[in-house]
1. Please work out which residue is surrounded by the fewest Cβ atoms within 10 Å (Cβ to Cβ), limiting yourself to the range 34-63 and to residues that are of a type in the set (A, V, I, L, M) and either in a loop (DSSP other than H, G, I, E, B) or without any contact (Cβ under 8 Å) to a residue 12 or more places away in the chain (or both).
2. Hey, can you tell me all the residues within the range 7-32 that are out of contact with any Asp or Glu (no Cβ under 9 Å at 6 or more places or on another chain) and open to solvent by 40 Å² or more (accessible area, probe 1.4 Å)?
3. Residues in the range 64-79: is at least one outside any loop (DSSP other than H, G, I, E, B), without any contact (Cβ under 8 Å) to a residue 40 or more places away in the chain and loosely packed, with under 13 Cβ neighbours inside 10 Å?
4. Mind checking which residues of the range 100-141 are among the hydrophobic types (A, V, I, L, M, F, W, C) and modelled with pLDDT of 85 or more?
Amino acid sequence: MTFKEAIKPKFCLPFASATTTRNGAAIDCRGYLGCAFVLHHGVNAAAATGSIKVQGSSDNSTWEDLDVTAVPMGAIATDIAVVWDILRPRHRFLRVVVARTNSESATQGVLAYLYRASNEPVPPSYGVDPQVVQAHAPEAA
(Lines give C-alpha, C1' and ligand atoms only; values in the text may rest on other atoms or scores of the structure.)
Protein backbone atom coordinates (compact mmCIF):
# COMPACT_ATOMS: atom_id res chain seq x y z
CA MET A 1 0.00 0.00 0.00
CA THR A 2 1.28 3.47 -0.83
CA PHE A 3 1.46 6.49 1.45
CA LYS A 4 -1.34 8.04 -0.59
CA GLU A 5 -3.60 5.06 0.10
CA ALA A 6 -2.79 4.85 3.80
CA ILE A 7 -3.54 8.40 4.92
CA LYS A 8 -6.36 10.92 4.78
CA PRO A 9 -5.05 14.50 4.75
CA LYS A 10 -7.33 17.22 6.13
CA PHE A 11 -7.05 21.00 6.22
CA CYS A 12 -7.02 21.93 9.89
CA LEU A 13 -5.89 25.56 9.92
CA PRO A 14 -5.39 27.39 6.61
CA PHE A 15 -2.02 29.10 6.23
CA ALA A 16 -2.75 32.72 7.11
CA SER A 17 -1.54 35.67 9.11
CA ALA A 18 -3.77 36.78 11.95
CA THR A 19 -3.80 38.90 15.09
CA THR A 20 -6.46 37.00 17.07
CA THR A 21 -6.94 33.48 18.40
CA ARG A 22 -7.68 30.92 15.68
CA ASN A 23 -9.41 27.58 16.26
CA GLY A 24 -8.59 24.90 13.71
CA ALA A 25 -11.24 22.74 12.12
CA ALA A 26 -12.33 19.72 14.13
CA ILE A 27 -10.80 16.49 12.80
CA ASP A 28 -13.02 13.41 13.29
CA CYS A 29 -10.68 10.56 14.25
CA ARG A 30 -13.31 7.80 14.24
CA GLY A 31 -12.04 4.80 12.31
CA TYR A 32 -8.33 5.78 12.46
CA LEU A 33 -5.51 4.67 14.73
CA GLY A 34 -4.01 8.15 14.91
CA CYS A 35 -3.75 11.69 13.66
CA ALA A 36 -0.57 13.62 12.94
CA PHE A 37 -0.76 17.42 12.85
CA VAL A 38 1.95 19.24 10.90
CA LEU A 39 2.38 22.91 11.84
CA HIS A 40 4.19 25.38 9.60
CA HIS A 41 4.96 28.57 11.53
CA GLY A 42 6.31 31.43 9.44
CA VAL A 43 8.87 34.07 10.34
CA ASN A 44 7.56 36.30 13.11
CA ALA A 45 9.81 39.21 13.97
CA ALA A 46 7.02 41.20 15.63
CA ALA A 47 7.06 39.01 18.75
CA ALA A 48 3.46 37.82 18.82
CA THR A 49 2.87 36.04 22.12
CA GLY A 50 0.77 33.05 23.03
CA SER A 51 0.95 29.36 22.23
CA ILE A 52 -0.14 26.80 19.68
CA LYS A 53 -1.71 23.69 21.19
CA VAL A 54 -3.77 20.59 20.45
CA GLN A 55 -7.23 20.11 21.96
CA GLY A 56 -9.62 17.16 22.10
CA SER A 57 -13.38 16.78 22.38
CA SER A 58 -15.74 13.82 22.66
CA ASP A 59 -18.71 15.76 21.30
CA ASN A 60 -17.14 18.44 19.01
CA SER A 61 -18.46 21.06 21.43
CA THR A 62 -16.55 21.01 24.74
CA TRP A 63 -12.78 21.18 24.21
CA GLU A 64 -9.85 20.47 26.54
CA ASP A 65 -6.10 20.87 26.08
CA LEU A 66 -4.23 17.63 25.44
CA ASP A 67 -1.16 16.75 27.44
CA VAL A 68 1.21 17.38 24.53
CA THR A 69 3.86 20.05 24.14
CA ALA A 70 2.49 23.46 23.18
CA VAL A 71 4.58 25.63 20.85
CA PRO A 72 5.29 29.07 22.35
CA MET A 73 5.02 32.01 19.98
CA GLY A 74 7.59 34.78 19.99
CA ALA A 75 10.13 36.31 17.68
CA ILE A 76 10.95 33.53 15.20
CA ALA A 77 13.77 34.27 12.77
CA THR A 78 13.19 31.32 10.42
CA ASP A 79 10.23 29.16 9.42
CA ILE A 80 9.69 26.19 11.74
CA ALA A 81 7.76 22.96 11.42
CA VAL A 82 6.33 20.97 14.32
CA VAL A 83 4.64 17.56 14.20
CA TRP A 84 2.23 16.32 16.87
CA ASP A 85 1.44 12.61 16.42
CA ILE A 86 -1.60 11.63 18.47
CA LEU A 87 -1.72 7.82 18.59
CA ARG A 88 -4.98 6.23 19.76
CA PRO A 89 -6.62 9.55 20.73
CA ARG A 90 -8.95 9.30 23.69
CA HIS A 91 -11.17 11.96 22.10
CA ARG A 92 -13.11 11.46 18.87
CA PHE A 93 -12.37 15.02 17.68
CA LEU A 94 -9.04 16.85 17.67
CA ARG A 95 -8.07 20.38 16.63
CA VAL A 96 -5.16 22.81 16.80
CA VAL A 97 -5.62 26.20 18.47
CA VAL A 98 -3.45 29.28 18.03
CA ALA A 99 -4.04 31.11 21.33
CA ARG A 100 -2.80 34.71 21.20
CA THR A 101 -2.07 36.92 24.19
CA ASN A 102 -1.36 40.09 22.19
CA SER A 103 -2.38 41.47 18.81
CA GLU A 104 0.90 41.13 16.91
CA SER A 105 0.54 39.29 13.62
CA ALA A 106 1.93 35.79 13.14
CA THR A 107 1.51 33.30 10.30
CA GLN A 108 0.72 29.60 10.72
CA GLY A 109 -0.89 26.76 8.85
CA VAL A 110 -1.72 23.21 9.95
CA LEU A 111 -2.45 20.03 8.00
CA ALA A 112 -3.79 16.92 9.72
CA TYR A 113 -3.02 13.40 8.51
CA LEU A 114 -5.35 10.65 9.70
CA TYR A 115 -3.66 7.28 9.39
CA ARG A 116 -4.13 3.52 9.83
CA ALA A 117 -7.79 3.51 8.87
CA SER A 118 -10.00 0.60 9.86
CA ASN A 119 -10.71 0.17 6.14
CA GLU A 120 -7.80 0.72 3.77
CA PRO A 121 -7.11 1.97 1.16
CA VAL A 122 -8.58 5.31 2.24
CA PRO A 123 -10.81 6.77 -0.50
CA PRO A 124 -9.88 10.33 -1.55
CA SER A 125 -12.35 13.17 -1.13
CA TYR A 126 -11.04 15.76 -3.57
CA GLY A 127 -12.39 19.26 -3.41
CA VAL A 128 -12.64 19.10 0.38
CA ASP A 129 -9.30 17.64 1.45
CA PRO A 130 -5.76 18.29 0.23
CA GLN A 131 -4.82 16.25 -2.81
CA VAL A 132 -1.99 13.74 -2.51
CA VAL A 133 -0.19 13.32 -5.81
CA GLN A 134 1.92 10.22 -6.17
CA ALA A 135 4.86 10.26 -8.56
CA HIS A 136 7.73 7.88 -9.12
CA ALA A 137 11.29 8.99 -9.73
CA PRO A 138 12.89 7.53 -12.84
CA GLU A 139 15.26 4.64 -12.26
CA ALA A 140 18.95 5.48 -12.22
CA ALA A 141 20.79 4.68 -15.45
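The values are calculated or read from the model by the stated rules, or taken from the named source; none is laboratory data. What you see is a predicted model, and the numbers here were worked out from it, not measured in a lab. With ideal geometry, Cβ positions are generated from the backbone for all residues, glycine too; neighbour counts draw on all protein chains shown. Keep in mind that these areas ignore ligands, DNA and RNA; they rest on the heavy atoms of the full protein, side chains included. Shrake-Rupley method; radii C 1.70, N 1.55, O 1.52, S 1.80 Å.
1. If we take residues in the range 34-63 being of a type in the set (A, V, I, L, M) and either in a loop (DSSP other than H, G, I, E, B) or without any contact (Cβ under 8 Å) to a residue 12 or more places away in the chain (or both), then ALA45 is surrounded by the fewest Cβ atoms within 10 Å (Cβ to Cβ).
2. PRO14, PHE15, SER17, THR20, THR21, ASN23, ALA25, ALA26, ASP28, ARG30, TYR32
3. yes
4. Across the range 100-141, the qualifying residues are VAL110, LEU111, ALA112, LEU114, ALA117.
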